[in-house]
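A short write-up of the structure that comes next.
The values are calculated or read from the model by the stated rules, or taken from the named source; none is laboratory data. These numbers come from a predicted model, not from an experiment. Cβ placement follows ideal geometry from the backbone for every residue including glycine, while neighbour counts extend to all protein chains displayed. Surface accessibility is based on the protein's heavy atoms, side chains included, excluding ligands, DNA and RNA. Shrake-Rupley method; radii C 1.70, N 1.55, O 1.52, S 1.80 Å.
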Amino acid sequence: MITYHNNLFVIEMKNSSYVFTGGDTPVSVYWGGKLHGDELGYLVRKREPSSFDPDLDRNREEYGFWDSYSVLESCLKVSYPSTRQLNMRFQDYTIQTEGDRETLTLRFQNSDTPLTAELIYEVYPAFDIIERSMRLTNEGDTAVIENLKSAAVSIPPQANYRVRYLSGKWAGESHIDDHELTSGAFTIQSRTGNTGPHFNPAFALDNGTADEKSGNVWFGLLGYSGNWQITFERTTFQDVRITGGISSFDFSYTLRKGESIRTPVMTVGFTAGGYGAMSRTLHAYEIRHILPVRKTGRVLYNSWEATSFAVCADGQKELARRAASIGVELFVIDDGWFGQRHSDRAGLGDWYVNQEKFPNGLAGLIEYVRHLGMDFGIWVEPESVNPDSDLYRRHPDWVYRFGNREPMQARNQYTLNISKPEVKQFILDFMTKLLGENQDITFVKWDMNKTLTDVSAGDTGKDKELWYRHAETLYEIWAELRRRFPHVEFETCSGGGSRVDLGILRYADQCWPSDNTDAYSRLSIQEGFSHFYAPRIMTAWVTDASVGDDKKYERPYSYRFHSAMMGMLGIGADISRFKEKDLEVFADYIAQYKEMRQTVQYGRQYRLSSLRKSPLHAVEYVSEDGQDIVIFAFHQGFCYDAAEPRIYPDGLQPEAVYQVEGMEERLHGSTLMNAGLETGMCGDFDSRMIRIKRIHS
Ligand code: DGJ
């Protein structure tokens, strides 16, 4: 419930309260575990330790309109030819309720120019989550925005906060980092024009004592796939404030008369239940409020690691035949099917079917796949072009570049300026042709293998808008394609996991978290990923990645499958080389996955044990109705002196009775959770899938 009383806005959610003052400069009063909103008067006293600190309370501003004064990160900075000073005055507010969402909108008006800002709080009380954003509307002279953030949030003053966030690189995404927040500022960001592998726009803060099961955790995610920035600041007065939004780096945006701009959404939340509860809240929120549809994720086969660019009709048919025989539901042809795409050096941008590889076009292959009882999916990378392509030869002016300079290449490609109307139209046209002519394509993997560089269209006035326009145009294209082809599902991929965020996930059904498909490496990548993103969107393939030529480090099939079954199972191995007995093993695991995937994809996830702390890695999933439980446990290396790893299930009803598969005894939830289970694991790269059923509550 949202109320406004005695100059205080109070947002009461299921287990938390969020309180700030009204007036021209709303200031955070409190955010955390639930309290009585009417007892907060004592927190609203003005702090004036010295005349050298003119307005300390502004260190806790809900949104920093830059008016000439700011000690911390500001949120909005606007320039006119005659002034850079904003003078925003509070006008009014509205509260609306729609379904399970309440929306509070505060409206501010600049006193010198007709510029209006609306601070928007979309509240999901059941999740203890607020979506923050700002909409700016200009009814006057052209204004140049130089800094545009979504929101600022403050958390209770404390000295020893720890920031948890995900860092990474190509093939090593979603690494969990903990950073002690001392006084000063700490920033995570992307300047690569996409979400980026180096940091993900997601964070959690606790006072250094929270763990998986307990402790206060404040968390947030920025839904944005362009250049972004999240800054954590702690002042010497112990104010702790987090500001997030579009990166100010090389950014400016011209807002003309009659135009509006809305910032990306910054989702923030609180839990007293530690990191585990944070993740479960986010998973459920994403499934209910972010993802475009709720559908059971299909088991897919992807050709990339088997064939690389050497795709051809016969080879794909052979893979498809085998994929169907093991129970795959969706066959996806990856890179290499179009133009003169025989390697990453040529053909990108030429979106016609390569006739030498597919003499009967794609239709023959699609029909074959459909005939085998599978759906068909296809890979595209529409934002990029190889210099060696017909598209580039025809339209060298379509790529970002400074003047006549040769743009930087990565993976032998340039980036298209998709915000040019003709480029956007080209992408919409070829995608519409591809999906329109092949109605049986029901899945698109949309890749992007180059960070944005040379971001210029030769107009210095507008160049600094291009980063923003790229991300916005991408969303527009995806929204339009989803509208035109509602039966098609989309996967977001960017050289692995460089485009995973709540912005693109409003259009995507799933994402590809990493090009690293080694089952052991994946355990850590998936653990980081699961902190902020649901298993339902995490594709994981069983591949040959861990099979060295000398087979020294081969992971067993069981280990590879168990690792990939913890999300959206896919197969990426070269199954054309497989013997019948290997295919039988694959078929068996896929059948097992289909039986429990509802629990993994839509259940509650508990991280029981982490490789960061022990050689035992274990993750549990409890179905939405609590009836089905599945635990995946992994043990890495055998030691003579080590005790057999034991796991302690979580999230069971203490008084309910459960049956562990393979055990004679029926046990109460309390027994299982307190006394634990033996796993019987002892070998190198050993793993178990333990299934438990609730017999009665
Ligand atoms: C990078 C992706 O992450 C891979 O899965 C694959 O699709 C290649 N690109 C294809 O070029």
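Note on segment 165-270: enclosed strands (runs of 3 or more DSSP E) holding 2 or more residues that are within 18 Å of the chain's Cα centre (by Cα) are 175-180, 184-190, 199-206, 217-223, 228-234, 240-246. For segment 391-413, the tally of residues that are more than 32 Å from the chain's Cα centre (by Cα), in contact (Cβ under 8 Å) with a residue 24 or more places away in the chain and open to solvent by 60 Å² or more (accessible area, probe 1.4 Å) stands at 1.
Within segment 77-99, the set of residues being open to solvent by 80 Å² or more (accessible area, probe 1.4 Å) and over 30 Å from the mean Cα position of the chain (by Cα) comprises Pro81, Ser82, Arg84, Gln85, Arg89, Gln91, Tyr93.
If you check Thr235 against the conditions, is it touching a residue at least 60 places away in the same chain (Cβ under 8 Å) and in contact with a strand residue (DSSP E or B) (Cβ under 7 Å, 6 or more places away or on another chain)? Judged against the criteria, Thr235 is not a match.
Mind telling me which of the residues Glu584, Glu580, Glu554, Glu527 ends up being at pLDDT below 95 and acidic (Asp, Glu)?
Testing whether each residue is at pLDDT below 95 and acidic (Asp, Glu) leaves just Glu554.
Checked against the criterion of being touching a Leu at 6+ places or on another chain (Cβ under 9 Å), more than 16 Å from the ligand (Cβ to nearest atom), open to solvent by less than 20 Å² (accessible area, probe 1.4 Å) and modelled with pLDDT of 95 or more, the candidates Ile333, Ile418, Ile378 yield just one match: Ile418.
Counting residues in segment 177-186 that are open to solvent by less than 30 Å² (accessible area, probe 1.4 Å) and closer than 28 Å to Arg604 by Cα gives zero.
Any chance segment 460-468 includes a residue that's under 17 Å from the mean Cα position of the chain (by Cα) and either part of a loop (DSSP other than H, G, I, E, B) or not assigned by TED's automatic domain parsing to the domain that holds Leu282 (or both)?
If we filter segment 460-468 for residues that are under 17 Å from the mean Cα position of the chain (by Cα), which is where we start, we get none.
The answer is no, given that none of the residues of segment 460-468 is under 17 Å from the mean Cα position of the chain (by Cα) and either part of a loop (DSSP other than H, G, I, E, B) or not assigned by TED's automatic domain parsing to the domain that holds Leu282 (or both).
Please find, within segment 105-135, the residue that is nearest to Trp228 (Cα to Cα) out of those that are among the hydrophobic types (A, V, I, L, M, F, W, C) and either open to solvent by 30 Å² or more (accessible area, probe 1.4 Å) or within 26 Å of the chain's Cα centre (by Cα) (or both). Across segment 105-135, the extreme among qualifying residues is Met134. Based on this model, can you work out whether Val369 counts as crowded, with 21+ Cβ neighbours inside 10 Å, assigned by TED's automatic domain parsing to the domain that holds Arg241 and away from the ligand (no atom under 16 Å from the Cβ)? No: the conditions fail for Val369. Being at pLDDT 95 or above, among the small types (Gly, Ala, Ser), assigned to a helix (DSSP H, G or I) and away from the ligand (no atom under 16 Å from the Cβ) holds for only one residue in Gly327, Gly364, Gly297, and it is Gly364. The sole residue among Leu569, Leu583 that is buried (at least 21 other Cβ atoms within 10 Å of the Cβ) and either aliphatic (A, V, I, L, M) or in a loop (DSSP other than H, G, I, E, B) (or both) is Leu569. Asp454 passes every criterion in (1) assigned to a helix (DSSP H, G or I); (2) open to solvent by 10 Å² or more (accessible area, probe 1.4 Å); (3) not hydrophobic (A, V, I, L, M, F, W, C) apart from (1).
Of all residues in segment 80-131, which are of a type in the set (Asp, Glu) and more than 30 Å from Leu282 (Cα to Cα)?
Looking only at segment 80-131, we keep the residues that are of a type in the set (Asp, Glu), and these are 92, 98, 100, 102, 112, 118, 122, 128, 131.
Of everything in segment 80-131, those that are of a type in the set (Asp, Glu) and more than 30 Å from Leu282 (Cα to Cα) turn out to be Asp92, Asp112.
Residue count for segment 264-299 satisfying the condition of being of a type in the set (S, T, N, Q) and open to solvent by 10 Å² or more (accessible area, probe 1.4 Å): 3. Whenever a residue of segment 655-671 is under 14 Å from Ile629 (Cβ atoms), its partners that are open to solvent by 60 Å² or more (accessible area, probe 1.4 Å) and assigned to a loop (DSSP other than H, G, I, E, B), lying with C-beta atoms within less than 8 angstrom and at least six residues away or across chains, give the pairs Ala656/Ser697; His668/Pro654; His668/Glu655; Gly669/Gln653; Gly669/Pro654; Gly669/Glu655. Among the residues of segment 300-317, just one is within 12 Å of the ligand (Cβ to nearest atom) and surrounded by fewer than 17 Cβ atoms within 10 Å (Cβ to Cβ), namely Ser308. No other residue among Gly269, Gly223, Gly208, Gly276 is touching a Gly at 6+ places or on another chain (Cβ under 6 Å) and within 29 Å of Arg612 (Cα to Cα) apart from Gly223.
Tell me yes or no: at least one residue of segment 447-456 is within 16 Å of the ligand (Cβ to nearest atom) and over 30 Å from Gly364 (Cα atoms). Yes. Residues that are in contact with a strand residue (DSSP E or B) (Cβ under 6 Å, 6 or more places away or on another chain) and either modelled with pLDDT under 95 or β-branched (Val, Ile, Thr) (or both) within segment 93-110 comprise Thr94, Ile95, Thr103, Thr105, listed in sequence order.
Mind telling me which of the residues Ser70, Ser74 ends up being assigned by TED's automatic domain parsing to the domain that holds Thr271, part of a loop (DSSP other than H, G, I, E, B), within 28 Å of Asp250 (Cα to Cα) and within 30 Å of the chain's Cα centre (by Cα)? It would help to see each step written out before you state the result.
Details: Ser70 fails: within 30 Å of the chain's Cα centre (by Cα).
Step by step, each of Ser70, Ser74 is checked, and only Ser74 is assigned by TED's automatic domain parsing to the domain that holds Thr271, part of a loop (DSSP other than H, G, I, E, B), within 28 Å of Asp250 (Cα to Cα) and within 30 Å of the chain's Cα centre (by Cα).
The residues of segment 400-415 that are within 16 Å of the ligand (Cβ to nearest atom) and assigned to a loop (DSSP other than H, G, I, E, B), listed by number, are Gln409, Arg411, Asn412.
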